[in-house]
Amino acid sequence: MTNESQIQTLTGWFFDRINIPIIEGLYIHDAMVWDALCASLTILGDLQRAKFEYLELQSINHLEAIGIMQAIYIEQDCMLNLQNALLGKNDKSALADYKRIRDLRNEAFGHPSERKKKGTFSRHFFDIVDKDRQLIKIINWESDGDINSAHIALPQIVKENSKITINYLQNLKQDFITKINLQMKSYQTDLTGLFQGANYIFEKLLSKKHDRVVIDTFYHIDEDIEKAIQGLTERKLLEIYQRDIDVIKFFSDKLKPLFNIQTYEDTEFYAYAISLRRELNSLRKSFKNIEPDL
């Protein structure tokens, strides 16, 4: 697998995870953070096509040299924005390993090419020494008249940058998994433990007449509904499940007044009981899939 393919695979992994509703809920309420996540991942993935096509070139011109250096510069910025958005940081240290390449781009390929350091000016240029080998000459012209130069192989710079990006993405993946797992453990309400006895209750309601114990137990379902609302609110998922909760409340409110009056032998009672059991089972299954398997 090429470096570019590895980066695309890793960005795809992040895209899949942030689109899981419970994880999306952690970020989407802050529009700036959500936009940074989506834009960073999209651009990061798209840049790999540009890098792949560049590395396929047999020779280059000045515009292509500038273009690929700008592409990896944008890749570096994407990594910074992605890290800060995912982990809630405002930290430029993510660029530390990029520093040599970043400085090279700023000095030789950036605009303006004139820089001031400790009271002296220097001008920086690049030229293509060998367009087929993609060998670049970096020229530094100091204000005191000194001129020095260095040669770089541009494909090696691109590959080095990609390896740094892969390393950052792999480390960020582990930090992200740790953050999400800690978040899941912090929730006060366990959704997967709700409605555990519902099937037993409905088996009795649909097979025995006026079972007082079962009827009294039925009201625990109301308690679980309230816990479900609390848990979904805590996870910022209530809006997604609101209709399911409303439907369950509707059938429950219709069924409860029929206790001791009608039983499963009556079509109305049977219809409400069967419908409510189906909706509760569906909600239970859905809750099992809320906690993401990272």
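The values are calculated or read from the model by the stated rules, or taken from the named source; none is laboratory data. Note that this is a predicted model, so its numbers are computed, not measured. In this analysis, Cβ positions are derived from the backbone assuming ideal geometry, glycine residues included, and neighbour counts consider all displayed protein chains.
Points to keep in mind about this one:
- Residue selected from segment 133-162 under the condition acidic (Asp, Glu) and over 39 Å from the mean Cα position of the chain (by Cα), by the criterion modelled with the lowest pLDDT: 144
- Residue among 194, 205 that is under 29 Å from residue 26 (Cβ atoms) and either surrounded by fewer than 17 Cβ atoms within 10 Å (Cβ to Cβ) or not acidic (Asp, Glu) (or both): 194
- Residue 137 passes every criterion in (1) of a type outside the set (A, V, I, L, M, F, W, C); (2) in contact with a His (Cβ under 7 Å, 6 or more places away or on another chain); (3) closer than 27 Å to residue 1 by Cβ apart from (3).
- Filtered residue count, segment 239-273, keeping only those that are modelled with pLDDT of 95 or more and within 30 Å of residue 22 (Cβ to Cβ): 13
- Looking only at segment 76-93, and only at residues there that are of a type in the set (Gly, Ala, Ser) and over 12 Å from the mean Cα position of the chain (by Cα), the one that is nearest to residue 32 (Cα to Cα): 88
- Condition met for residue 284 (closer than 20 Å to residue 204 by Cβ, part of a helix (DSSP H, G or I) and more than 31 Å from the chain's Cα centre (by Cα)): no
- The set of residues in segment 209-229 that are exposed (fewer than 15 other Cβ atoms within 10 Å of the Cβ) and touching a residue at least 40 places away in the same chain (Cβ under 8 Å) comprises 209, 210.
- Failed item in (1) surrounded by 13 or more Cβ atoms within 10 Å (Cβ to Cβ); (2) in contact with a Leu (Cβ under 9 Å, 6 or more places away or on another chain); (3) within 30 Å of residue 6 (Cβ to Cβ), with residue 164 passing the rest: (2)
- None of 251, 218, 202, 195 is of a type outside the set (A, V, I, L, M), at positive phi and outside the structural domain of residue 17 (by TED's automatic domain parsing) except 195.
- With respect to (1) among the hydrophobic types (A, V, I, L, M, F, W, C); (2) modelled with pLDDT of 75 or more; (3) farther than 17 Å from residue 62 by Cβ; (4) touching a Leu at 6+ places or on another chain (Cβ under 9 Å), the lone exception for residue 94 is condition (2).
- Given (1) among the aliphatic types (A, V, I, L, M); (2) within 19 Å of the chain's Cα centre (by Cα); (3) surrounded by fewer than 17 Cβ atoms within 10 Å (Cβ to Cβ), number of the condition residue 63 does not satisfy: (2)
- Residue list for segment 1-46, restricted to those being charged (D, E, K, R) and surrounded by fewer than 19 Cβ atoms within 10 Å (Cβ to Cβ): 16, 17, 24, 30, 35, 46
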